[in-house]
Amino acid sequence: MDINKWRIVNPAGSKRVIVTKELPGEQWLNILKSAGCRVEIFSSVELLTVEDIRKAIGSNCDGAIGQLTETWGNELFSALKSAGGRVYSNYAVGFNNIDLDSATSNGIPVGNTPGVLTETTAEMAVALTFAAARRTGESERYLRAGKYKGWLPDLFLGELLWRKTAGIIGAGRIGAAYARMMMEGHKMNVIYYDPNRNRALENYADEYSGFLMNHHEAPVTCRQSETLEELLQLADVVSIHTVLAESTHHLINAERLALMKNNAVLINTSRGPVIDEAALVDHCRRNPDFRAGLDVFEEEPALKPGLKDLENVVIVPHIASATIWTRQGMATLAASNVAAVLTGYPVWNRPDITAFLEADPPKAAPSILNAKDLELNIYIE
Ligand code: DGY
């Protein structure tokens with residue numbers, strides 16, 4: 001690690017906070033500066049190792065903002081604790097890179113950034129869906145290679161998704177936003193697989209169906225699937241929005257891929273290891289009409305052998321949340337988590353975090369994952 005790559009903001013600040021990557025926007029820095037923090041930012045695209053981060057924590061560090069590319073386990077949380085650290089925030093909504101139990105046993109509150117990725121990530125899932133179904137990557141490569149000699153009746157025939165069935169694995173915030181986009185935009189029926197029933201989504205579909213029928217159009221349907229297998233067999237598009245946990249590792253494997261329609265589309269904007277990527281490569285090779293759109297990969301940034309050579313797979317480098325508004329919002333939430341805990345504020349008590357993006361935000365930490373286990377105070381109005 002090159003020590004010269006650390007940029008220091010507000011050097012006279014009394015609380016030392018390390019941030020392992022430059023973050024977009026200015027608001028997050030203002031939040032930390034107003035909380036009296038000296039902010040040290042690693043200003044390089046180079047990925048830091050656990051050892052690099054341990055060195056950066058040093059013997060005096062009040063808080064840290066880290067990335068999903070880093071492994072925050074006992075080594076880092078105990079180093080942070082020994083350095084006088086009181087808080088960590090992930091610059092991500094996902095937290096599979098964090099050992100929450102270690103953080104809790106070291107008494108370190110862990111923040112994340114929910115609520116600002118929802119529509120942005122769902123939009124990328126939609127973009128990948130149509131890129132895969134309508135073969136945009138493949139046809140663009142063909143055009144750029146100078147192979148286009150004129151319009152043909154059968155040039156790059158793809159799949160029409162209008163009025164077909166979208167299968168959603170994980171109907172939380174992002175999955176439900178994707179479902180609504182596919183229902184409203186493309187009149188798709190929705191079937192979702194989630195241990196929790198999403199009645200709000202089902203009611204939304206009912207009300208939207210009422211609207212459609214008033215306009216003399218056929219309604220849409222939305223229901224929870226009994227089993228993942230049923231969803232895979234019925235859906236024309238399957239979009240994955242589940243968290244990565246032991247129970248979802250390789251949830252989509254060779255056997256389950258074999259249940260899907262030959263011309264189905266599989267989308268993943270959650271975490272790579274939810275799909276057995278080697279099995280997917282094999283499946284796409286043997287089923288040229290099957291299509292996949294992937295934002296995340298099993299061993300990111302590496303791709304499984306053969307993946308990038310498949311014409312029926314669209315791949316982008318983990319950019320589903322990459323809009324300016326979202327990435328600045330994530331920075332604001334991560335900084336607010338750190339600043340609030342260092343200031344002694346309680347933890348926000350509801351899922352809607354939009355108030356933290358306004359000019360006069362609540363005096364609270366927007367999202368602390370282990371607040372209950374650490375028995376932190378909860379915000380009361
Ligand atoms: C997250 O926040 O978990 C996303 O994967 C970042 O894009």
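The values are calculated or read from the model by the stated rules, or taken from the named source; none is laboratory data. Quick caveat: nothing in here was measured; it's all calculated off a predicted structure. Because the Cβ atoms are built from the backbone with ideal geometry, glycine has one as well, and the counts that use them run over all protein chains shown.
Here are a few things to note about the model shown:
- Scope the stretch 181-198; condition under 20 Å from the mean Cα position of the chain (by Cα) and in contact (Cβ under 8 Å) with a residue 12 or more places away in the chain; matching residues: Met181, Met182, Tyr192, Tyr193, Asp194, Asn196, Asn198
- Qualifying residue in the stretch 74-85 (condition: within 16 Å of the ligand (Cβ to nearest atom) and either free of Cβ contacts under 8 Å to residues at least 24 places away in the same chain or crowded, with 21+ Cβ neighbours inside 10 Å (or both)): no
- Per-region count, the stretch 62-83, residues among the polar types (S, T, N, Q) and in a helix (DSSP H, G or I): 3
- Conditions (1) closer than 19 Å to Val316 by Cβ; (2) buried (at least 22 other Cβ atoms within 10 Å of the Cβ): number failed by Met183: (1)
- Failed criterion for Ile57 (all others in (1) among the aliphatic types (A, V, I, L, M); (2) in the same structural domain as Pro273 (by TED's automatic domain parsing); (3) away from the ligand (no atom under 16 Å from the Cβ) hold): (2)
- Residue tally, condition more than 23 Å from the chain's Cα centre (by Cα) and surrounded by 21 or more Cβ atoms within 10 Å (Cβ to Cβ), over the stretch 19-39: 5
- Which numbered condition Thr104 fails, given (1) under 19 Å from Glu375 (Cα atoms); (2) surrounded by fewer than 22 Cβ atoms within 10 Å (Cβ to Cβ); (3) within 16 Å of the ligand (Cβ to nearest atom): (3)
- Any hit, the stretch 320-340, residues being in contact with an Asp or Glu (Cβ under 6 Å, 6 or more places away or on another chain) and within 16 Å of the ligand (Cβ to nearest atom): yes
- Flag if Asp276 is acidic (Asp, Glu), within 16 Å of the ligand (Cβ to nearest atom) and in the same structural domain as Ala179 (by TED's automatic domain parsing): no
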